[in-house]
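Below is one structure, written out as structure tokens; the observations come after it.
The values are calculated or read from the model by the stated rules, or taken from the named source; none is laboratory data. Just so it is clear, the model here is predicted, and its values are computed rather than measured. Every residue, glycine among them, receives a Cβ derived from its backbone with ideal geometry; neighbour counts consider all protein chains shown.
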Amino acid sequence: MPCVHCGFCLPACPTYVRLGDENDSPRGRLYLMQAVVEGRLSPESDAFQTHIDRCLGCRACEPVCPSGVEYGVLLEAARETVYRARKAPAVVAMLLAVFSSRALTNWSMRVARVVRALGLGGLVARRIPRNRLFHPIRFGLAMLEASRERQFGSETATSSGAPIASDGGALDAATSEGETSESAPAWRAGERGRVAILRGCVQAGLFARVNDATERVLRANGYEVIEVSGQGCCGALHTHAGDSMRARKLARANVKALAAAEVDFVAVNAAGCGAALKEYGHLLEADEEYRHTAEALAASTRDISELLAGDSLRVGAPLPVRVTYDAACHLCHAQGVRQEPLAVLGAIPQLVVLPLQDAEECCGGAGTYGITHPELGGDIGADKVSAVLATGAEIVATGNPGCMMQIGAGLLLEGSDVVARHPVELLDESYRRAGFYDGS
Ligand code: SF4
Ligand code: SF4
């Protein structure tokens, strides 16, 4: 559908709201794309390169557009044009090369885990001066430190009154104090279907605990989990950077591996990767050999919260913590998954969900954005951190590793004890306390 220039998307765009420049709005960027397509503007021009590059790719402009402009698809094409016209910044080129190779990914993740285990990330990050030159290394180290498993704060918070959802409304009765796992349905093993978990690259390397938690909660809710070898990075980072050739190569490998497993669902616990898999049909639409399989795989892909939410979700044991929920852009805007993660948190008695202001606004992470755009990404990230701190929560729950690291790094550099966790980790802990895994 064509843009009718109504401007409804402008207030939803984090870059327009902060910069006030029409060229940094969805409408302005669409205009620049059109100018390049019609040959009125060179793809090498600073105007095209700067304003397309400054877009977060958060897709907050899509759900508010009355014309149904598929901005995400158009942005991908624009990014491909940008990528072809000019060399990517060194840090981006390096990351794209690393995550294109399974050997380099494994090696880099191993090094990252060693640095994390030695506790160097947090120590060094806090001592590096806050300036543009050192920003990538300072923030990168803080992100690494933020991926470490940290305790849930005091874990002494108790529910004061009815728990509330991030929109301020009341959550399901499942969160009411005193309800226990005895009210939960018990499933026969595997009765709800066969599921493969997308293990991912950063997720497998730095958040293996989230993958493990995903596997346990799926099994506890009646799914059979199938291990699938041969899968790897989903290619989202490459697609967002305009490196479509490598994105397609990675997608083909995943389609081949996951399709061969003949599962009912592919579960994804990283919002950006889930959105990428759901768009594999589009990414490989010109590939005769893979197109149909890619479409089938996309149709079977679910965010972990989509597989869990519903009347059938087992209620765990009490976990008395104060949590605020940040809606990852690629979950709420790109996949339209909004209530399901809250339903997952709603299955944890005594967990209180505190409303987060602008919960659906981007955290500034956006792939490599937090590193490549220190000023603007820093401002957007700082607003998210302030909003999290204002809630008084001890945990910020979010369904994307990039957001966990971006928000976690911001909190860490502020000297805060608030930790970022995946909702499924909290449900897993609640299930562990309920004894669902005893004897398994
Ligand atoms: S993208 Fe959609 S909301 Fe934005 S100006 Fe165009 S038609 Fe209006
Ligand atoms: S994707 Fe996000 S940053 Fe880019 S134009 Fe849309 S709302 Fe603005």
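Of the helices (runs of 4 or more DSSP H) contained entirely in the stretch 279-334, those carrying at least 1 residues that are among the charged types (D, E, K, R) and either closer than 28 Å to residue 237 by Cα or under 21 Å from the mean Cα position of the chain (by Cα) (or both) fall at 291-300, 304-308. Every condition in (1) closer than 20 Å to residue 364 by Cα; (2) modelled with pLDDT of 95 or more; (3) in a helix (DSSP H, G or I) is met by residue 405 except one, and the failing one is (2).
Summed over the stretch 21-45, residues that are more than 16 Å from ligand 1 (Cβ to nearest atom) and outside any loop (DSSP other than H, G, I, E, B) total 1.
Note on the stretch 47-62: residues that are farther than 19 Å from residue 379 by Cα and among the acidic types (Asp, Glu) amount to 1. Just to be sure, is residue 81 more than 8 Å from ligand 2 (Cβ to nearest atom), without any contact (Cβ under 8 Å) to a residue 40 or more places away in the chain and not aliphatic (A, V, I, L, M)? In short, no. Only one of the listed residues (255, 268, 315) is touching a residue at least 24 places away in the same chain (Cβ under 8 Å), in contact with a strand residue (DSSP E or B) (Cβ under 8 Å, 6 or more places away or on another chain) and crowded, with 19+ Cβ neighbours inside 10 Å. That residue is 268.
Residue-by-condition table, conditions (1) surrounded by 19 or more Cβ atoms within 10 Å (Cβ to Cβ); (2) β-branched (Val, Ile, Thr):
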residue	(1), (2)
23	no, no
29	yes, no
36	yes, yes
39	no, no
49	no, no
78	yes, no
93	no, no
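Please determine whether any residue of the stretch 259-275 is in a loop (DSSP other than H, G, I, E, B), of a type in the set (A, V, I, L, M) and under 20 Å from the mean Cα position of the chain (by Cα). Within the stretch 259-275 (the criterion being in a loop (DSSP other than H, G, I, E, B), of a type in the set (A, V, I, L, M) and under 20 Å from the mean Cα position of the chain (by Cα)), the answer is yes, since at least one residue qualifies.
Do you know which of the residues in the stretch 46-92 that are touching an Asp or Glu at 6+ places or on another chain (Cβ under 7 Å) and farther than 16 Å from residue 10 by Cα is nearest to ligand 1 (Cβ to nearest atom)? That would be 82.
Scanning the stretch 1-20 for residues that are more than 15 Å from ligand 1 (Cβ to nearest atom) and touching a residue at least 24 places away in the same chain (Cβ under 8 Å), we see that the one that is surrounded by the most Cβ atoms within 10 Å (Cβ to Cβ) is 19.
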